[in-house]
1. Please work out if THR139 is assigned to a helix (DSSP H, G or I), closer than 17 Å to GLY100 by Cβ, among the β-branched types (Val, Ile, Thr) and at pLDDT 95 or above.
2. Only one of these is crowded, with 19+ Cβ neighbours inside 10 Å, among the aromatic types (Phe, Trp, Tyr), in contact with a helix residue (DSSP H, G or I) (Cβ under 9 Å, 6 or more places away or on another chain) and modelled with pLDDT of 95 or more: PHE35, PHE18. Name it.
3. Would you point out which residue out of GLN188, GLN179 is more than 17 Å from PRO271 (Cα to Cα) and of a type in the set (S, T, N, Q)?
4. With the checklist (1) surrounded by 23 or more Cβ atoms within 10 Å (Cβ to Cβ); (2) in contact (Cβ under 8 Å) with a residue 60 or more places away in the chain; (3) β-branched (Val, Ile, Thr) in hand, flag the one item VAL154 doesn't pass.
5. What residue, of ALA104, ALA49, is among the small types (Gly, Ala, Ser), free of Cβ contacts under 8 Å to residues at least 60 places away in the same chain and not in a strand (DSSP E or B)?
6. Tell me, which residue of the stretch 277-315 that is among the hydrophobic types (A, V, I, L, M, F, W, C) and touching a Ser or Thr at 6+ places or on another chain (Cβ under 7 Å) is nearest to ILE63 (Cα to Cα)?
7. Mind counting the residues in the stretch 59-74 that are part of a loop (DSSP other than H, G, I, E, B), surrounded by fewer than 24 Cβ atoms within 10 Å (Cβ to Cβ) and touching a residue at least 24 places away in the same chain (Cβ under 8 Å)?
8. Somewhere in the stretch 224-239, is a residue under 25 Å from PHE58 (Cβ atoms) and touching a helix residue (DSSP H, G or I) at 6+ places or on another chain (Cβ under 9 Å)?
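The values are calculated or read from the model by the stated rules, or taken from the named source; none is laboratory data. From a predicted model like this one, the values you see are computed outputs, not experimental measurements. Virtual Cβ from ideal backbone geometry, glycine too; neighbours counted across all protein chains shown.
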Amino acid sequence: MLKLIGKVPGKRQALKWFFTVKDKRLERELFGIHFPNPVGVAAGFDKNAEVFEELSSFGFGFIEIGTVTPKPQPGNPKPRLFRLPRDKALINRMGFNNNGLDKAILQLKKRKSNVIIGGNIGKNTLTPNMIAYQDYEETFVGLFDYVDYFVVNVSCPNISDLKELQDQDALILILNKLQSINNGKSKQKPILLKVSPDLNNKQLDEVIDIVRLTKIDGVVATNTSIQRNLNNTDKNEIETIGNGGLSGLPLRDRSTEIIRYLATKSNNAFPIIGAGGIFTSEDAIEKINAGADLIQVYTGFIYEGPSIAKKINKAILKQMKSGLRLN
C-alpha cells in the first residue's frame, strides 16, 4: 500500500501536510545531522529501502533502512513473523532477509527528497564470524554515499552466531575497521552501535568502553529480545511460535532502563537513539527523560497506525511547556 501511495500524484504531499508537525522546537542537531523532529522508523520495516520516501510522508524525522547485508539472502523459513495482540507485541525470526547491497543502492539512488536515512548493516548468515568484519566493511563502503548515518547490528537474535560478535574484542575489531575507512573519507559519516536489551550491567559497561575506545558516535538502544515476558498470551501459543526476537510493549521498561543506565553511567558522553515499546506519547517522553536524544518506532507503528509520529511530536511540544527538554 505504501508503494501504491507513492505512485498517486499529489498523495504523498497531502499525507505529509496532514501528518507532519513542523516546529523549530522539535529540531535536533546530532552528530552533524539536522533532524526535523526526534521520531524515526527503526530498521527492519523498510529492509530494502523501498518505501523511505512514503514513510517520511507520515511525519517521521528519519528512516533507518536494512538490515542490509553484502549478498542477498532469503532469511529464515516462513512463518517467521507473529503478532501477539493481547500483549501488543511481535515475535520475528526474519534472519536478515534482504535483497542485498546492490539492490539497496539502486533504491537509494532514487531518493528525491532530503529525508534523513540511516543504514543498518549486518553480516551474511553464511559468513564466518572470524571474517565478519569484511561484510560490515563492504556494506559500509557500498552505502557510504547514499545514507546519512550507519548503525552496526550485532545484536539481532535471529542469526545463530551473531551474538558472539557482541564480545568486546570482536566488536572493537569491527568498529575500528569501519572507523579506519571513515577517517579516510573527506567527510565522515556517524557510526552507531545497536545493543541488545538482554545485556547485563557488566556488558553495558563494556558498551560504554567500546564507544570510548573506538570513538563511534552513539548507541541505538535497543534491539529485540530473546526473553518472553508476556502476561496475556497463552503459553502454549508462545511455545508453538518458538524462537525469535520479541518486540513491542513488553520491551518498554527494559529498553528505558538500558537508556537510563547508559546515559547516567557514561555521564551523557554520547547520543542515544531509544527504541523498544514506544506506543504512546507518554512512552516516547519517558525515553527522552531517561536520556534518549532521538526515538524510533516499529511495533508501535504497526499497532497504533500512521499517526503515531504526529501524536508523539504534538505531545512533546505540549510537554515542553511543562519543562521537558530535548537533550
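1. Yes: the conditions hold for THR139.
2. Step by step, each of PHE35, PHE18 is checked, and only PHE35 is crowded, with 19+ Cβ neighbours inside 10 Å, among the aromatic types (Phe, Trp, Tyr), in contact with a helix residue (DSSP H, G or I) (Cβ under 9 Å, 6 or more places away or on another chain) and modelled with pLDDT of 95 or more.
3. None of the other options fit; the residue is GLN179.
4. (2)
5. Step by step, each of ALA104, ALA49 is checked, and only ALA104 is among the small types (Gly, Ala, Ser), free of Cβ contacts under 8 Å to residues at least 60 places away in the same chain and not in a strand (DSSP E or B).
6. ILE312
7. 3
8. Yes, the conditions are met somewhere in the stretch 224-239.
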